[in-house]
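Participant: Here you go, one structure.
Since every read-out is calculated from the coordinates, none of them should be taken as a lab result. Quantities reported herein were computed from a predicted structural model and do not represent experimental measurements. Counting neighbours? That spans all protein chains shown, and the Cβs are built from the backbone with ideal geometry, glycine included.
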Amino acid sequence: MPSFRTYKPVLDDARYRSFDTMEEYRRWCNENLPEWLGYRTEAE
Amino acid sequence: MRICLSGLATGQKRSEMAAFEYRQAQEIQRVFAEHGVRYLFLGKSGAILLGFPDTTQDADLYVDKQRENCSALIPALHELGFELNKTEDEEVRRGKVLIQLKNGLFDLDLIFAPDGIEKFEEAWSRRIEVEGFPVCHLDDIIASNRAANRQKDKESLGRLEAFREYWRNKRKER
């Protein structure tokens, strides 16, 4: 069954990404991803 | 943190890739079983396997961080089509907290220490087996979702909690 796949800017631009802590991951999301993707943890 | 920006190993355009599908969960199940990898479906992919009506573009796997398990995970990932270099293999072996793979036929998040869940063994003891898929208990999926506290998690939390009531009732009926 065909399905949709949408492009997520920044998030989909790397083939591999790794983080040492979840805090580091959250910080990266907050600082790098567009707000509308929904990955941010703080209102900015 | 480490990021590798080069393109897809498979030669596919991202727009040609599908959302995460049942047959891909089957591939993970088959290959991980062959290699003896201990893992649990987590996040939205786990909830969907439990019957939550939604879609996702990746699979979230909570992987047992024991060294031998991480070592078994490396050839399993290669067999699934993820091309990892030696540095990346070593990071998998070490069980970094979060590894995002976007160079295979589907996207995969390997989570070795998710928010909201203390220990793999505890989550494993609460797991739900669905058609052979090891899935985190919905309570753990919701706890992880709540602890992550991202906007997208907040948006789905209410629906997940409502689904949990339905899911519990259905289990009682069996």
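Participant: Note down the relative contact order for chain B as a percent, whole number, built from C-alpha pairs under 8 angstrom at least six residues apart.
Facilitator: Answer for chain B is 23 percent.
Participant: If you stretched the chain out fully between B:Arg94 and B:Arg171, how much longer would it get, using 0.36 nm times the residue separation minus the C-alpha to C-alpha distance?
Facilitator: On the way: separation 77, 0.36 × 77 = 27.72 nm, distance 3.77 nm.
Taking 0.36 nm per residue and subtracting the Cα distance, the gain is 23.9 nm.
Participant: Report, to the nearest 10°, how far helix A:22-32 tilts away from the longest principal axis of the Cα atoms in chain A, using its own Cα long axis and a range of 0 to 90°.
Facilitator: For helix A:22-32, the angle is close to 70 degrees.
Participant: By how many nm would the segment from B:Asp139 to B:Lys154 grow when fully extended, if each residue of separation counts as 0.36 nm and the alpha-carbon distance is taken off?
Facilitator: Numbers: separation 15, 0.36 × 15 = 5.40 nm, distance 1.54 nm.
Taking 0.36 nm per residue and subtracting the Cα distance, the gain is 3.9 nm.
Participant: Counting other Cβ atoms within 10 Å, keep those with at most 15, restrict to DSSP loop, and tell me which chymotrypsin sites (Phe, Trp or Tyr not before Pro) in segment A:4-44 are left. Don't skip to the end; give the middle numbers.
Facilitator: Details: sites: A:Phe4, A:Tyr7, A:Tyr16, A:Phe19, A:Tyr25, A:Trp28, A:Trp36, A:Tyr39; in loops: A:Phe4, A:Tyr7, A:Tyr39.
Answer in residue order: A:Phe4, A:Tyr7.
Participant: Let me know the mean shielding of B:93-103 by other chains, meaning the per-residue number of their Cβ atoms within 10 Å of its Cβ. Show your work: numbers first, answer last.
Facilitator: Numbers: counts 0, 2, 0, 5, 8, 9, 4, 9, 5, 8, 3.
Taking all residues of B:93-103 together, the mean is 5.
Participant: Kindly provide log₁₀ I(q)/I(0) values, in the same order as q = 0.14, 0.15, 0.20 Å⁻¹, from the Debye equation applied to equal alpha-carbon scatterers of segment B:98-174.
Facilitator: With no solvent term, the Cα-only Debye profile gives -0.56, -0.65, -1.08.
Participant: Cα gyration tensor of the protein assembly as shown, axes a ≥ b ≥ c as square roots of the eigenvalues: rounded (a/c below 1.5), prolate (a/b > b/c) or oblate? Please report the intermediate quantities before stating the final value.
Facilitator: Working: a/c = 1.36, a/b = 1.16, b/c = 1.17.
Rounded.
Participant: Percentage of Cα-Cα pair distances in chain A greater than 15 Å, rounded to whole percent?
Facilitator: Details: 477 of 946 pairs.
When all Cα pairs of chain A are counted, 50 percent exceed 15 Å.
Participant: Rounded to the nearest 5, what is the percent of antiparallel bridges among the DSSP beta bridges in segment B:18-173? Spell out each step's value before the answer.
Facilitator: Details: 11 of 17 bridges.
Antiparallel bridges make up about 65 percent of those DSSP assigns within segment B:18-173.
Participant: Right, here's the next one. Would you calculate, for chain B, the mean residue ellipticity at 222 nm contributed by helices, counting each DSSP H stretch of 4 or more residues as -39,500 (n - 2.57) and dividing by all residues, to the nearest 500? Mind dumping the intermediate values first?
Facilitator: Details: 7 runs with 83 residues, N = 174.
Counting only the DSSP helices, I get -15000 deg cm²/dmol.
Participant: Taking the DSSP beta bridges in the protein assembly as shown as the whole, what percent of them are antiparallel, to the nearest 5?
Facilitator: Details: 18 of 24 bridges.
The antiparallel proportion sits near 75 percent.
Participant: Let me ask you something else. What does the C-alpha gyration tensor say about the overall shape of segment B:36-99? Classify as rounded when a/c is under 1.5, otherwise prolate if a/b is larger than b/c, or oblate.
Facilitator: On the way: a/c = 2.37, a/b = 1.87, b/c = 1.27.
Cα axes put segment B:36-99 in the prolate bin.
Participant: Given charges of +1 on the Cβ of Lys and Arg and -1 on the Cβ of Asp and Glu, with all other atoms neutral, how large is the dipole of segment B:18-173 about its Cα centre, in debye to the nearest 20? Write out the running numbers ahead of the final one.
Facilitator: Values: 24 positive and 29 negative charges, 82 e Å.
My answer is approximately 400 debye.
Participant: To one decimal place, what orientation-averaged projected area in nm² is obtained for the convex hull of the Cα set of segment B:74-134? Before the final figure, lay out each step's value.
Facilitator: Working: hull surface 20.3 nm².
In nm², the orientation-averaged hull projection of segment B:74-134 is 5.1.
Participant: Let a ≥ b ≥ c be the square roots of the eigenvalues of the Cα gyration tensor of segment B:18-173; is it rounded (a/c under 1.5), or, if not, prolate (a/b larger than b/c) or oblate? Each step should come with its number before you reach the end.
Facilitator: Numbers: a/c = 1.65, a/b = 1.61, b/c = 1.02.
Prolate, since a/c reaches 1.5 and a/b exceeds b/c.
Participant: Are there any GluC sites (Glu not before Pro) in segment B:121-173 that are in a DSSP loop and have at most 15 other Cβ atoms within 10 Å? List them by number.
Facilitator: Working: sites: B:Glu121, B:Glu122, B:Glu129, B:Glu131, B:Glu155, B:Glu161, B:Glu165, B:Glu173; in loops: B:Glu131.
Answer in residue order: B:Glu131.
Participant: Of B:Ala147, B:Gln100, A:Pro9, which is farthest towards the positive pole of the protein assembly as shown's charge dipole, taken about the Cα centre with +1 and -1 on the beta-carbons of Lys, Arg and Asp, Glu respectively?
Facilitator: Value: B:Ala147.
Participant: Simple spin-label model, 7 Å along Cα-to-Cβ: A:Thr21 to A:Trp36 in nm?
Facilitator: Between A:Thr21 and A:Trp36, the simple spin-label model gives 3.3 nm.
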